[in-house]
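Here it is: the structure, laid out below.
A short reminder: the numbers here are calculations on the coordinates, not readings from a lab. The structure displayed is predicted, hence computed values, not measured ones. Cβ placement follows ideal geometry from the backbone for every residue including glycine, while neighbour counts extend to all protein chains displayed.
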Amino acid sequence: MVRHLDFSMSGRLLFGKGALARLPDVVTRLGAERPMIVTDQGLVKAGLPARVDAVLADAGISCDVYDGVEPDPRIEIVDLCATRAIEKESDLLIGLGGGSSLDIAKVSASVRVHGGSVPDYLGIGNVPGRGLPTVLMPTTAGTGSEVTPIAVLSDEAAHLKKGVVSEHLYADVALVDPTLTVGLPPHITAYTGIDALTHAIEAYTNKYAQPFVDTLALEAIRLIGIHLRRAVACGEDEDARYHMSLASTYGGMCLGSVNTAAVHALAYPLGGMFHVPHGVANSLLLPYVMDFNLISDLGKFANIALALGEEVEGLSLRDAAARAVDAVRRLCDDVGIVSHIGDLGIPASASDTMADAAMEVTRLLGNNPRAITIDDVRRIYRAAH
């Protein structure tokens, strides 16, 4: 099947150090009077919602705060957030945090307007229309959710992550201020950074890759190769934080028209069954799936090696491509990513059950550059164990 480029993104992107100061103007332009910040309790303790609230208060705008977002949030959190928005008569949602907060804000904005049951929204194209206006402000450099039409929620009954995909989930404004990521702990900086790398690599090597998206993906890969180690080792380095935020946004921009593939599909059961954070699961599995996919396009993997700073001159194309996997393994090791599923306390006996669950994620497996069977998935899990 031929797929033409169909590229969309947020209605507006504001990016740069100090961009938070633009928020009052954004809220006013969207015609909102009662915004609500959607965030988590960890960020409340870190003082970030209070920082945002102060910027709005200085402009005479008062806002409510919903801080019930949890890591890899359950579907039920959307209902709680939407109910809070109804009670407070909120007319705009400000997603503040990592991908979990941004995703909850996206879907809650729709439920606030259209009602219904969240399971009705799961899948592709099932959101009835635009919800409340949304402003999405990431505090991590990883998911790129601020510029995607995708939200991922945990279905506890099915022990699986499930996606809501709709053009109606694009933010009205994506406001990316890299200074909001400065206080991020090293381990979260590491796995969110590799999550961004996963987005870029899966988009670039995708079965439905597009030259326009390839440009964004390769630049994201290059920036992460240069700046992630520094961001982890010296979190106060604003230059490293700036470029990681840029890379994450580039990676997110790849997802609306191309999306991810087998790494994400295999990561979903780790989150759904064992509550492994999304970024950790992707980061762990990335080199193993890359190794499996290598033969699908040696030239592209050689380009990834070059983007990550590998010296490939004089090597065969096969050896140059393999350097991409080596480079990713080294980067993951340098920033402290766990390299085996067993390190997470997950038994080897779970591989077959996880494989069965992963094969249900056909929305993503269909994008993988190499055809993948359940036996392949089992082998990847076992190799990663």
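What is the angle, in °, between the Cα long axis of helix 278-293 and the longest principal axis of the Cα atoms in the chain? Nearest 10 is fine, range 0 to 90.
Here the helix axis deviates by roughly 30 degrees.
Within the chain, how many Lys pairs that are eight or more residues apart, or on different chains, come under 25 Å at the alpha-carbon?
Lysine pairs satisfying the spacing and distance rule in the chain number 10.
Between residue 326 and residue 22, what is 0.36 nm times their sequence separation minus the Cα-Cα distance? Round to one decimal in nm.
Working it through step by step, the gained length comes to 105.3 nm.
Turning to a different aspect of this structure: Determine one quarter of the surface area of the Cα convex hull of region 190-247, which equals its mean projected area, and express it in nm² to one decimal.
Average of the hull's projected areas for region 190-247 equals 3.5 nm².
Sorted by mean Cβ packing within 10 Å, highest first, what order do the peptides 63-75, 276-288 take?
Averaged packing, sorted descending, gives the order 276-288, 63-75.
Could you order the peptides 36-43, 116-123 from most to least packed, using the average number of other C-beta atoms within 10 Å per residue?
Final packing ranking: 36-43, 116-123.
Any idea what the relative contact order of the chain is, in percent, if you count C-alpha pairs under 8 Å spaced at least 6 apart?
Result for the chain is 16 percent.
Using the Karplus curve 6.51 cos²θ - 1.76 cosθ + 1.60 with θ = phi - 60°, what ³J(HN,Hα) values do you get for each residue of region 206-220, in whole Hz, with x for Gly and Pro?
My calculation for region 206-220 gives 4, 4, 10, 4, 10, x, 4, 5, 3, 4, 5, 5, 5, 5, 4 Hz in order.
Which one of 346, 287, 232 is farthest out on the positive end of the charge dipole of the chain, using unit charges on Cβ (Lys, Arg +1; Asp, Glu -1) and the Cα centre as origin?
Working it through, the farthest residue towards the positive pole turns out to be 287.
Just subtract the alpha-carbon distance of residue 237 and residue 382 from 0.36 nm times their residue separation and send over the number in nm, one decimal.
48.4 nm
Report the local net charge at residue 186: Lys and Arg +1, Asp and Glu -1, summed over other residues whose C-beta lies under 13 Å from its C-beta.
0
Above 22 Å lies some portion of the pair distances; for region 13-181, what is it as a whole percent of all C-alpha pairs?
Summing the P(r) tail past 22 Å for region 13-181 gives 34 percent.
Which loop GluC sites (Glu not before Pro) in region 66-130, with loop taken from DSSP, have no more than 15 other Cβ atoms within 10 angstrom of their Cβ?
89
Let me ask something additional. Compute the signed sum of charges (Lys and Arg +1, Asp and Glu -1) over the other residues within less than 12 Å, Cβ to Cβ, of residue 161.
Within the 12 Å Cβ shell, the charges total -2.
Another question about this same structure. Hey, can you grab everything whose amide H is under 5 Å from the amide H of residue 74? Only 5+ residues off in sequence or another chain; H modelled, so Pro and N-termini drop out.
It is 154, by chain and number.
Mind listing the Cα extents of the chain along all three principal axes, in Å, largest one first?
63, 43, 42
Sticking with this one: Could you tally the net charge around residue 15, taking each other residue with its Cβ under 11 Å from the Cβ of residue 15, Lys/Arg +1 and Asp/Glu -1?
+1
In addition: How tilted is helix 317-334 with respect to the longest principal axis of the chain? Cα atoms for both, answer in degrees (0 to 90, nearest 10).
50 degrees
Another one. Can you tell me the order of 158-167, 362-371, 241-250, 212-221 when each peptide is scored by its average per-residue count of other Cβ atoms within 10 angstrom, highest first?
The peptides rank, most packed first, as 241-250, 212-221, 158-167, 362-371.
Based on a Kirkwood Rh over C-alpha pairs, give the Stokes-Einstein translational diffusion coefficient of region 56-124 at 20 °C and viscosity 1.002 mPa s in µm²/s.
After rounding, the answer is 171 µm²/s.
Further question on the same structure: Residue by residue, what Karplus-based ³J(HN,Hα) values in Hz, rounded to whole numbers, does region 179-187 have, using 6.51, -1.76 and 1.60 with θ = phi - 60° and x for Gly and Pro?
With coefficients 6.51, -1.76 and 1.60, one gets 5, 6, 9, 4, x, 5, x, x, 5 Hz.
To continue, here is another question. In whole percent, what relative contact order does region 95-196 give with Cα contacts below 8 Å and a gap of six or more residues?
Result for region 95-196 is 32 percent.
Based on the alpha carbon coordinates of region 186-384, what radius of gyration and maximum Cα-Cα distance (Dmax) apply, in Å?
My reading of the Cα-based Rg and Dmax gives 15.7, 45 Å.
A follow-up question, please. 222 nm [θ] for the chain, helices only, -39500 (n - 2.57) per DSSP H run of 4+, per residue, to 500?
-15500 deg cm²/dmol
I need to check one value: relative contact order of region 186-384, counting alpha carbon pairs closer than 8 Å and at least 6 residues apart, in percent.
The normalised contact order for region 186-384 reaches 27 percent.
Can you compute the charge dipole magnitude of the chain about its Cα centre, using +1 on each Lys and Arg Cβ and -1 on each Asp and Glu Cβ, nothing else charged? Give it in debye, rounded to the nearest 20.
420 debye
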